[in-house]
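The values are calculated or read from the model by the stated rules, or taken from the named source; none is laboratory data. Bear in mind the structure is a predicted one, so any value in this text is a computation, not a measurement. Note that each Cβ is placed from the backbone with ideal geometry, even for glycine, and that neighbours are counted across all protein chains shown. SASA here: full protein model, heavy atoms, side chains in, ligands and nucleic acids out. Shrake-Rupley method; radii C 1.70, N 1.55, O 1.52, S 1.80 Å.
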Amino acid sequence: MVDVAAGATESERRRRGRTAWVVGAVVVAALVAGIGGWQYAARNARIVAEGATLSGGMAFPDCLPRMALAVYGTGDDVVVGQTVRNPSRWPVTVISSDPEVFRFEALSDDPADDTTVSSADGAAPAGASGTVVLPPGRGATMWIVDPQRYSVQDASTVWYEFDGVPVTLRTLGVAREASIRLPGTLYVGGGKDGERLGAALQEACDA
């Protein structure tokens, strides 16, 4: 009987060993899948520019399609406000790559303000900074201030185009370089050509 009991005990040990191996493999597989899903979610977080825009700049005839976000002449101070939103399922920290040029208002306590751009004096508010944390589905105002300031401008011919905002996005502990695509292209420059552009386009519309 001792031998039978010993044999049963050895068999039980082997069975438990196989069960433990299977459980261990399942746990490892679940961890790998979880890490993969976490990395995928973190690296696919994005911020979109949508909703309201406060642009200013040159006035254009109504007959033209609105492909430009705004157009400014060489000597103009460029100030554009654009709402941005986090459509992902996780909070996203947005860090401007150039906080002097691209800055964010703090998140409003009222979600109804997420789709509103306002400026009392046509300038970015003093409290705007280079970083904002956007919870899922929430938005804030991003300000673009003189993005051409570091460029050497030709007074008569050069146009500078800006259609994206370089940022770092951090979510779920993962940071990556990204760009917020603007809903149109911001044009700055042109010199005297810029001053004549509106009139020329109006003539084309009237023809």
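If a residue counts only when it is more than 26 Å from Arg176 (Cα to Cα), which strands (runs of 3 or more DSSP E) contained entirely in region 53-164 have at least 3 such residues? If you could, list the steps in order and put the result at the bottom.
Numbers: elements: 68-72, 79-85, 92-96, 102-104, 131-134, 139-145.
Because the criterion is at least 3 residues that are more than 26 Å from Arg176 (Cα to Cα), the strands (runs of 3 or more DSSP E) in region 53-164 that meet it are 68-72.
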Checklist entry - Of the conditions (1) of a type in the set (A, V, I, L, M, F, W, C); (2) at pLDDT below 80; (3) open to solvent by 30 Å² or more (accessible area, probe 1.4 Å), Ala42 fails just one. Which one is it? => result (3)
Item to check | Meets criteria (over 26 Å from Leu172 (Cα atoms), open to solvent by 30 Å² or more (accessible area, probe 1.4 Å) and touching a helix residue (DSSP H, G or I) at 6+ places or on another chain (Cβ under 9 Å)) for Thr157 | outcome: yes
Checklist outcome for this item: Within region 81-138, the residues that are of a type in the set (Lys, Arg) and open to solvent by 70 Å² or more (accessible area, probe 1.4 Å) are Arg85, Arg89
Next on the checklist: Criterion first (more than 19 Å from the chain's Cα centre (by Cα) and at pLDDT below 55) does Ala59 satisfy it?
Outcome noted: no
Checklist entry - Taking region 139-154 as the region of interest, how many residues are buried (at least 17 other Cβ atoms within 10 Å of the Cβ) and either modelled with pLDDT of 80 or more or out of contact with any helix residue (DSSP H, G or I) (no Cβ under 9 Å at 6 or more places or on another chain) (or both)? => result 9
Checklist entry - Which pairs do you get when a residue that is under 15 Å from Arg85 (Cα atoms), found in region 168-186, comes within reach of a residue that is of a type in the set (Phe, Trp, Tyr), reach meaning Cβ atoms under 9 angstrom, with the pair 6+ apart or on two chains? => result Thr171/Trp90; Ile180/Phe102; Leu182/Phe162
